[in-house]
Amino acid sequence: MEETSLLCLLFLISLLSCTTNQARLTVSPSSSQFFEGDFVLLICEEDDSSAGWTLRRNTSKQQRNQCGDGWGTSANLSCDIGYIVERDSGVYWCESREGPISNMVNLTVTGGSVILQSPVLPVMEGDDVTLLCKTKTTPSNLPAAFYKDGSLIRKQPTGHMTIQHVSRSDEGLYKCDISGHGESPSSWITVTGTLTTTTLPPTSALPPHSFSLHRVFRVVLHLVVFCPYLISTLLMVSLYRHRAKEITCILQSHPLRKYVFTSMLLMQRKITTTAAFRCFTL
């Protein structure tokens, strides 16, 4: 009974040891679209700096490429892109050396003259969301038309539109158009009921199968790498149970002389039941 209680206690401790430190990727300025030449700062906001978070990205040409390796300048838990270009379009995330990753953020860089500024992170149900259609060289208060999933929502005289009390039905692909200047790229807006839910937006910049590979990668790392405490705990319990059994041996020539060994010690000394000894387990 004591062994069973100890096993349960150690198993619960090992499960608690398998909890992960979480990180959150934020973008400044807070937008999912940028003009070529803009400055962008990416920050891994985390609970424990000892987790060793690294900022990585997938683009149409590279996968799991970390900041500082041919793009961006890494500084502590941030990465700045001083002059962003179209080839920087892609999916960005923070990743710890133990394997867990943060939310994923899709960034689109255009060489065109119109972008749609929309929330880069998922928005909570019930919140208000403002979309801004802006040009690169002219004032950002020009009349604009806004579209969701390819259909016109409304035309606004000042270039911005507010969706009040968003719900799941507002989730979708948005873009805008300014007459005489052009159309923005499309951006996915995610609506969630919790702070921890993140939906990866569909994007042509995301290499095929990369999201599914990341999910498989996370599962494998959690099972194989991230919970060594569970494995060591099970080994410790196994060793404890093995050592807990005692073997008593009586020298047959002297019945009153007893020798008590643990099974581990008995094996180490290679003492077995022979004609000289009569052994039994307590």
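The values are calculated or read from the model by the stated rules, or taken from the named source; none is laboratory data. Bear in mind the structure is a predicted one, so any value in this text is a computation, not a measurement. Using ideal geometry, Cβ is built from the backbone for each residue, glycine included, and neighbour counts are taken over all protein chains shown.
Residue count for segment 40-83, restricted to those that are acidic (D, E) and within 22 Å of T108 (Cα to Cα): 3. Just a yes or no: is a residue in segment 124-146 under 24 Å from L41 (Cβ atoms), modelled with pLDDT under 95, hydrophobic (A, V, I, L, M, F, W, C) and within 32 Å of the chain's Cα centre (by Cα)? Within segment 124-146 (the criterion being under 24 Å from L41 (Cβ atoms), modelled with pLDDT under 95, hydrophobic (A, V, I, L, M, F, W, C) and within 32 Å of the chain's Cα centre (by Cα)), the answer is no, since none of the residues qualifies.
Please indicate, with yes or no, whether at least one residue in segment 34-54 is in contact with a helix residue (DSSP H, G or I) (Cβ under 9 Å, 6 or more places away or on another chain), under 24 Å from T190 (Cα atoms) and either part of a helix (DSSP H, G or I) or modelled with pLDDT of 95 or more (or both). Among the residues of segment 34-54, at least one is in contact with a helix residue (DSSP H, G or I) (Cβ under 9 Å, 6 or more places away or on another chain), under 24 Å from T190 (Cα atoms) and either part of a helix (DSSP H, G or I) or modelled with pLDDT of 95 or more (or both), which makes the answer yes.
Would you check if there is a residue in segment 113-131 being farther than 16 Å from S32 by Cβ, polar (S, T, N, Q) and either free of Cβ contacts under 8 Å to residues at least 24 places away in the same chain or out of contact with any Phe, Trp or Tyr (no Cβ under 9 Å at 6 or more places or on another chain) (or both)? Taking every residue of segment 113-131 in turn, none turns out to be farther than 16 Å from S32 by Cβ, polar (S, T, N, Q) and either free of Cβ contacts under 8 Å to residues at least 24 places away in the same chain or out of contact with any Phe, Trp or Tyr (no Cβ under 9 Å at 6 or more places or on another chain) (or both). The set of residues from segment 139-177 being among the small types (G, A, S) and either over 18 Å from T192 (Cα atoms) or surrounded by 12 or more Cβ atoms within 10 Å (Cβ to Cβ) (or both) comprises S140, A144, A145, G150, S151, G159, G172.
The set of residues in segment 107-121 that are surrounded by fewer than 20 Cβ atoms within 10 Å (Cβ to Cβ) and either small (G, A, S) or more than 19 Å from V40 (Cα to Cα) (or both) comprises G111, G112, S113.
Does at least one position in segment 76-90 carry a residue that is in a loop (DSSP other than H, G, I, E, B), of a type in the set (F, W, Y), at pLDDT 95 or above and over 25 Å from the mean Cα position of the chain (by Cα)? Within segment 76-90, one or more residues are in a loop (DSSP other than H, G, I, E, B), of a type in the set (F, W, Y), at pLDDT 95 or above and over 25 Å from the mean Cα position of the chain (by Cα).
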